[in-house]
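Beneath this line is the structure, given in structure tokens, with notes to follow.
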């Protein structure tokens, strides 16, 4: 039996990891796996018959997962190992954000759990070559031989909507703190008075963010909060561009979403970004406000924008959740020595 530890669905409201496992599980036949979770009902889009609820223990996320004796292959959604030792174990490694940016007390706890999960796994899935390199740097080269890179995908629900008017707005998607480099975008837009800023996800603006926005781009910003896939697709279609100025990513799904929707992308040439974006985005050296402003101005020329849109469509077509699923299944089967489904 293939058993998934669904702890991540209790840890985040939305995010790339939840999307990854929802996409994988939704493609598996209902008889092929069990998802163990800590909410009374399964995540949306997943089959109830495959779901087993467990009452969460104190500090559940940091403890070994409880699995039944039928477990042959175990895959945690977020850095846990099973209590019983006879399961084959797959661990997915996403990024090393904590190791690079988190305060010491948070970094120590998270890194210790991640290291145990990596060391206890029979095989490791890294979501990008950049993450694999970081794993070697932070955890050690001994694990490289057990690591395979399986890139993430992008939903087919993101698509260009014909005859959509491009609004004078720039889109920012996701969390905004620290290494996400949000302030640089705000400062860039301060010198572009005809453009507005639309933010999706990331929660409400903090007091500090509101103060920054009011000082730098007053009355030219809004937050849509968490939106449906359809609404996000519309925002991509209506925006001059997506600015994704993050200084570090394990992958960067919004880059592909925007490209599929016909929205050109400005990003920083760091970590996994060049793997995902290829030559189909305007990649900046440092992500400074002046660089961002110059790149946005370049896309205000219609021909430049259309050339990047075409490149983006071609690049995004190289990634799909079906291919992520296929490669993940191949990992399972290589490890177990038999067909999983």
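Worth a mention:
- From least to most packed, judged by other beta carbons within 10 angstrom and beginning with the fewest, 152, 240, 11 follow the order 11, 240, 152.
- Sorting 236, 179 from the fewest to the most surrounding beta carbons within 10 angstrom yields 179, 236.
- Whole-angstrom Cα spans of the chain along principal axes, big to small: 63, 43, 39
- Whole-Å semi-axes of the range 1-118's equivalent ellipsoid (Cα gyration tensor): 24, 16, 13
- Size descriptor for the range 150-189, Kirkwood hydrodynamic radius: 13.5 Å (Cα pairs only, one decimal).
- The range 51-179 - Debye-derived log10 I(q)/I(0), Cα point model, q = 0.17, 0.18 Å⁻¹: -1.01, -1.08
- Tilt relative to the chain, helix 302-316 - C-alpha long axis, 0 to 90 degrees, to 10: 10
- Summary value for the range 169-316: 25 percent relative contact order, contacts being C-alpha pairs under 8 angstrom separated by 6+ residues.
- Between 140, 262, 153, the Gaussian network model of the chain with springs among Cα atoms under 10 angstrom shows the greatest mean-square fluctuation at 140.
- In the chain, Cα pairs under 8 Å separated by at least six residues give a relative contact order of 16 percent.
- Across the range 1-117, the mean sequence separation of Cα contacts (distance under 8 Å, 6 or more residues apart), normalised by length, yields a relative contact order of 26 percent.
- Computed over the range 169-316, the ratio Rg/Rh where both radii use C-alpha atoms and Rh is Kirkwood: 0.92
- Separation between Cα centres of the range 196-247 and the range 94-171, rounded to whole Å: 23
- Among 74, 101, the order by Cβ neighbours within 10 angstrom, fewest to most, reads 101, 74.
- Converting the Cα gyration tensor eigenvalues of the range 36-94 into ellipsoid dimensions via √(5λ) gives semi-axes, longest first, of 18, 14, 13 Å.
- From the largest down, the range 112-158 spans 39, 18, 18 angstrom on the principal axes of its Cα atoms.
Each reported figure results from applying straightforward, stated rules to the coordinates on display, with no laboratory input. Computed from a prediction, not measured in an experiment: that's the story for all the values here. Backbone-built Cβ (ideal geometry, glycine too); neighbour counts: all protein chains shown.
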